[in-house]
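These notes concern the structure reproduced below.
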Ligand code: ATP
């Protein structure tokens, strides 16, 4: 496990734009070392943009940080190149997998180790660990990545990021497009990776899955954090249940509220929107 006193990821009052498009406004969040933190939000909320700002890949997409700071492990990430961020221990798994379809599974994994400054022995150990987590990647090592199923490609994308031995994994909608069983398997693996000491910042539209995995979560709406709190509290909040967990049984919800004397069990969540 990583040292709990080690500083994790700190995003402070971050604003990002793509030319005239303001994608993030005053976003503040924290991923303490060793934790799993989720960011929930619908299409276009700014989830991918947040990860790009942390991994310093915004410039590849025509975006830029306009104000605010990102720190990881006590070091300012702003000003670092994307490969320096990887060397500092932060790896992003992009939305939609983006494996190198024509390359073999083994070469995809080798490519993941290119950004790390680890020794050959460290890289071999990372590969063993990836194969333990995802035995299918060992079985299919010589197969072209494009022939894997969607779930297996997601495993490869996560495995590729793990080859750089990250301290913090940035996961962009790992469950997107996967059948429920495969999404559950990916979730189990994320839990295992975290148990081995890797912190995780997970952005997801699948709020149910994200809230099961995370200790804390943030809700991002149109570029701003509107709610944050402990994942179990958010999972119990009416607003999150209605908007992100698809709970439509309002009668049952109000019955439950009446049974507890109205609002006794409704957690109070910090609301940041407009407060900063
Ligand atoms: P999704 O779940 O649909 O991927 P998201 O929450 O990840 O959404 P972002 O992709 O971060 O959201 O987009 C946030 C905003 O920034 C949106 O208004 C989007 O149109 C805009 N945006 C994203 N990428 C670019 C880009 N390369 N150029 C211009 N605008 C962009």
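The values are calculated or read from the model by the stated rules, or taken from the named source; none is laboratory data. Everything numeric here is computed off the predicted structure, so don't read it as measured data. Every residue, glycine as well, gets a Cβ built from its backbone with ideal geometry; the counts of neighbours run over all protein chains shown.
Here are a few things to note about the model shown:
- The conditions of being more than 16 Å from the ligand (Cβ to nearest atom) and either closer than 23 Å to residue 153 by Cα or assigned by TED's automatic domain parsing to the domain that holds residue 245 (or both) are met by residue 109.
- Looking across the range 88-100 at every residue that is closer than 30 Å to residue 177 by Cβ and away from the ligand (no atom under 16 Å from the Cβ), the one that is surrounded by the fewest Cβ atoms within 10 Å (Cβ to Cβ) is identified as 100.
- Filtered by the rule that a residue be within 16 Å of the ligand (Cβ to nearest atom) and either farther than 19 Å from residue 210 by Cβ or assigned to a loop (DSSP other than H, G, I, E, B) (or both), the range 164-192 gives 173, 174, 175, 176, 177, 178.
- Exclusive hit being surrounded by 19 or more Cβ atoms within 10 Å (Cβ to Cβ), more than 16 Å from the ligand (Cβ to nearest atom) and closer than 20 Å to residue 221 by Cα, set 85, 31, 77: 31
- Selection within the range 40-62 - free of Cβ contacts under 8 Å to residues at least 60 places away in the same chain and more than 6 Å from the ligand (Cβ to nearest atom): 52, 53, 56, 57, 58, 59, 60
- Whichever residue in the range 6-21 is farther than 17 Å from residue 168 by Cβ and at pLDDT 95 or above and, among such residues, is farthest from the ligand (Cβ to nearest atom): 13
- Test result for residue 161, at pLDDT 90 or above, assigned to a helix (DSSP H, G or I), more than 16 Å from the ligand (Cβ to nearest atom) and within 13 Å of the chain's Cα centre (by Cα): yes
Yes/no per residue for (1) more than 22 Å from residue 39 (Cα to Cα); (2) within 16 Å of the chain's Cα centre (by Cα); (3) not assigned by TED's automatic domain parsing to the domain that holds residue 39:
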| site | (1), (2), (3) |
| --- | --- |
| 132 | yes, no, yes |
| 136 | yes, no, yes |
| 147 | yes, no, yes |
| 154 | no, yes, yes |
| 182 | no, no, yes |
| 196 | no, no, no |
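- Residue 217 meets each of the listed conditions (1) within 16 Å of the ligand (Cβ to nearest atom); (2) assigned by TED's automatic domain parsing to the domain that holds residue 29; (3) modelled with pLDDT under 95; (4) touching a helix residue (DSSP H, G or I) at 6+ places or on another chain (Cβ under 8 Å) apart from (3).
- When residues of the range 194-220 are limited to those that are in a loop (DSSP other than H, G, I, E, B) and in contact with a strand residue (DSSP E or B) (Cβ under 7 Å, 6 or more places away or on another chain), the one surrounded by the fewest Cβ atoms within 10 Å (Cβ to Cβ): 215
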